[in-house]
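The next block holds one structure in the form of structure tokens; read it before the comments.
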Amino acid sequence: MTDRLRIAFIVDPLDRLKAYKDSSIAMMREAHARGHAVFAIRREALTWRDGVVSARALAIRPTADDHAWYLPGEEAVLPLTAFDAVLMRQDPPFDFEYVTATWMLERAVAGGARVFNDPRAIRDHSEKLAICEFPQFAPTTLIARDGADVHAFIDELGDVILKPLDGMGGSQIFRVRADDPNRNVIVETLTHEGVRTIMAQRFLPQIAEGDKRVLIVGGEVVPYSLARIPKAGETRGNLAAGGRGVAMPLTEREREVAEYLAPVLWGRGLLIVGLDMIGGQLTEINVTSPTCFVEIAEQSGFSVAALLVDMLEEACAR
């Protein structure tokens with residue numbers, strides 16, 4: 001029997017979370033079902049004083065009701081060391097406030113708190129640029145800010161995807177062909193006239209079969225991906241952009257890439273990772289608040305949340 005754990009989740013405002021699909025809520029429900037105590041913290045509530053990182057934490061009891069999905073309990077300011085585990089689940093944007101939170105959480109870790117994902121690893125892994133460490137798995141990619149470099153890439157490949165380095169949910173992603181009459185203004189807009197670095201990647205026609213989210217939890221590869229299939233007339237599969245999520249068993253190539261990356265990323269303290277793959281090629285490595293737990297569980301029967309709590313229990317027992 002696992003000892004009762006105190007698990008805190010740093011999340012967006014509770015009333016904004018969509019319980020019917022939110023991965024953090026799925027984790028909370030699983031933890032509560034096993035008898036663990038669940039707490040919610042807002043990132044804005046983090047404080048540091050005299051070497052101690054604390055936050056105002058609300059004890060909650062998750063329910064099965066997607067409308068009134070939790071019952072609030074006591075609220076108190078507690079040091080993060082008062083919890084057996086703290087999960088950083090705040091959604092991007094990955095702005096200076098997010099970076100500041102990782103610095104504060106890093107101090108909490110130095111003081112003995114267990115924080116997942118590791119705050120330094122979150123900070124060091126740009127979700128777009130992280131693929132530069134593993135070019136053998138990635139499509140032809142350019143990272144640049146000079147418009148001439150971007151245009152040369154477009155001319156060379158003929159059909160590319162352009163995206164900012166700090167976007168999420170498919171925001172500001174453009175497909176640009178060499179003969180696109182709007183290519184100049186798109187490049188100028190994304191690079192802010194050459195002062196902002198962007199990513200350009202070869203367009204992968206396999207996007208029609210889905211932008212696959214492959215999850216790794218505690219170094220274990222989830223056997224199902226969620227294929228986010230673009231709606232008609234779209235090139236973005238992101239669910240936030242209207243894509244349709246379909247759970248699928250991993251392909252041999254997807255498993256090969258995930259199995260290679262799993263021990264590397266878990267060794268860096270990245271408990272929950274979401275690989276984005278199109279046609280077996282790695283396009284992003286998501287580490288801030290990877291999602292798709294609910295859709296995979298509902299369609300495949302595999303509980304990613306249960307695997308997550310298994311790994312938390314194991315980590316806390318060490």
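In the range 140-160, what residues are touching a helix residue (DSSP H, G or I) at 6+ places or on another chain (Cβ under 9 Å) and either without any contact (Cβ under 8 Å) to a residue 40 or more places away in the chain or crowded, with 19+ Cβ neighbours inside 10 Å (or both)? I'd like the intermediate steps shown before the answer.
Residues of the range 140-160 touching a helix residue (DSSP H, G or I) at 6+ places or on another chain (Cβ under 9 Å): 140-147, 150-151, 154, 159-160.
Selection gives T141, V150, H151, I154, V160.
Working carefully through the options A130, A152, A144, A148, find the one that is among the aliphatic types (A, V, I, L, M), out of contact with any Asp or Glu (no Cβ under 7 Å at 6 or more places or on another chain) and under 30 Å from L80 (Cα atoms).
Numbers: A152 fails: under 30 Å from L80 (Cα atoms); A144 fails: under 30 Å from L80 (Cα atoms); A148 fails: under 30 Å from L80 (Cα atoms).
The unique qualifying residue is A130.
Can you run down the residue pairs with Cβ atoms below 6 Å, 6 or more apart or on separate chains, where the first is in the range 164-185 and modelled with pLDDT under 90 and the partner is among the aromatic types (F, W, Y)?
D166/F94
Here are the criteria: (1) assigned by TED's automatic domain parsing to the domain that holds T191; (2) in contact with a strand residue (DSSP E or B) (Cβ under 8 Å, 6 or more places away or on another chain). Tell me which single one H151 does not satisfy.
(2)
Taking R42, is it out of contact with any Leu (no Cβ under 7 Å at 6 or more places or on another chain), modelled with pLDDT of 95 or more and closer than 14 Å to Y70 by Cα?
Numbers: out of contact with any Leu (no Cβ under 7 Å at 6 or more places or on another chain): yes; modelled with pLDDT of 95 or more: yes; closer than 14 Å to Y70 by Cα: no.
In short, no.
Got a sec? Which of G219, G245, G237, G210 is touching an Asp or Glu at 6+ places or on another chain (Cβ under 7 Å) and at pLDDT 90 or above?
On the way: G219 fails: touching an Asp or Glu at 6+ places or on another chain (Cβ under 7 Å); G237 fails: at pLDDT 90 or above; G210 fails: touching an Asp or Glu at 6+ places or on another chain (Cβ under 7 Å).
None of the others qualify; the one that does is G245.
Across the range 187-229, what is the number of residues that are within 29 Å of I296 (Cα to Cα) and β-branched (V, I, T)?
Qualifying residue count, the range 187-229: 7.
Within the range 255-293, restricting attention to residues that are assigned to a helix (DSSP H, G or I) and either within 14 Å of the chain's Cα centre (by Cα) or not hydrophobic (A, V, I, L, M, F, W, C) (or both), which residue is surrounded by the most Cβ atoms within 10 Å (Cβ to Cβ)? Walk me through it before giving the result.
Kept after step one, since they are assigned to a helix (DSSP H, G or I), are these residues of the range 255-293: 255-266, 293.
With either within 14 Å of the chain's Cα centre (by Cα) or not hydrophobic (A, V, I, L, M, F, W, C) (or both) added as a condition, the list becomes 255-256, 259-260, 263, 265, 293.
Numbers: R255: 15, E256: 13, E259: 14, Y260: 14, P263: 11, L265: 22, F293: 29.
Checking each candidate, the answer is F293.
Which of the residues that make up the range 127-168 are aliphatic (A, V, I, L, M) and over 23 Å from S289 (Cβ atoms)?
Step one: filter the range 127-168 for residues aliphatic (A, V, I, L, M), giving 129-131, 138, 142-144, 148, 150, 152, 154, 157, 160-162, 165, 168.
Of everything in the range 127-168, those that are aliphatic (A, V, I, L, M) and over 23 Å from S289 (Cβ atoms) turn out to be L142, I143, A144, A148, V150, A152, I154, L157, V160, L162.
Restricted to the range 183-199, and to residues that are in contact with a strand residue (DSSP E or B) (Cβ under 8 Å, 6 or more places away or on another chain) and of a type in the set (S, T, N, Q), which residue is surrounded by the most Cβ atoms within 10 Å (Cβ to Cβ)? It would help to see each step written out before you state the result.
At the first step, the residues of the range 183-199 found to be in contact with a strand residue (DSSP E or B) (Cβ under 8 Å, 6 or more places away or on another chain) are 183, 186-187, 190-191, 196-199.
When the remaining residues are screened for being of a type in the set (S, T, N, Q), the result is 191, 197.
Numbers: T191: 20, T197: 17.
That would be T191.
Do the conditions hold for P119, that is, is it modelled with pLDDT of 95 or more, buried (at least 17 other Cβ atoms within 10 Å of the Cβ) and closer than 27 Å to R213 by Cα?
Values: modelled with pLDDT of 95 or more: yes; buried (at least 17 other Cβ atoms within 10 Å of the Cβ): yes; closer than 27 Å to R213 by Cα: yes.
Considered against the rule, which asks whether it is modelled with pLDDT of 95 or more, buried (at least 17 other Cβ atoms within 10 Å of the Cβ) and closer than 27 Å to R213 by Cα, P119 comes out as yes.
Quick check on this structure: which one of D124, D95 is closer than 22 Å to P13 by Cα, surrounded by fewer than 16 Cβ atoms within 10 Å (Cβ to Cβ) and within 18 Å of the chain's Cα centre (by Cα)? Spell out how you get there, then give the answer.
On the way: D124 fails: closer than 22 Å to P13 by Cα.
Within the list D124, D95, the selection yields D95.
Give R49, R107, R42 a once-over and let me know the one that is surrounded by fewer than 20 Cβ atoms within 10 Å (Cβ to Cβ) and within 21 Å of the chain's Cα centre (by Cα). Before you say what the answer is, go through the steps one by one.
Details: R49 fails: within 21 Å of the chain's Cα centre (by Cα); R107 fails: within 21 Å of the chain's Cα centre (by Cα).
The unique qualifying residue is R42.
The values are calculated or read from the model by the stated rules, or taken from the named source; none is laboratory data. Remember, it's a predicted structure, so these values are computed and weren't measured experimentally. For neighbour counting, all protein chains shown are included, and Cβ atoms are generated from backbone atoms with ideal geometry for every residue, glycine included.
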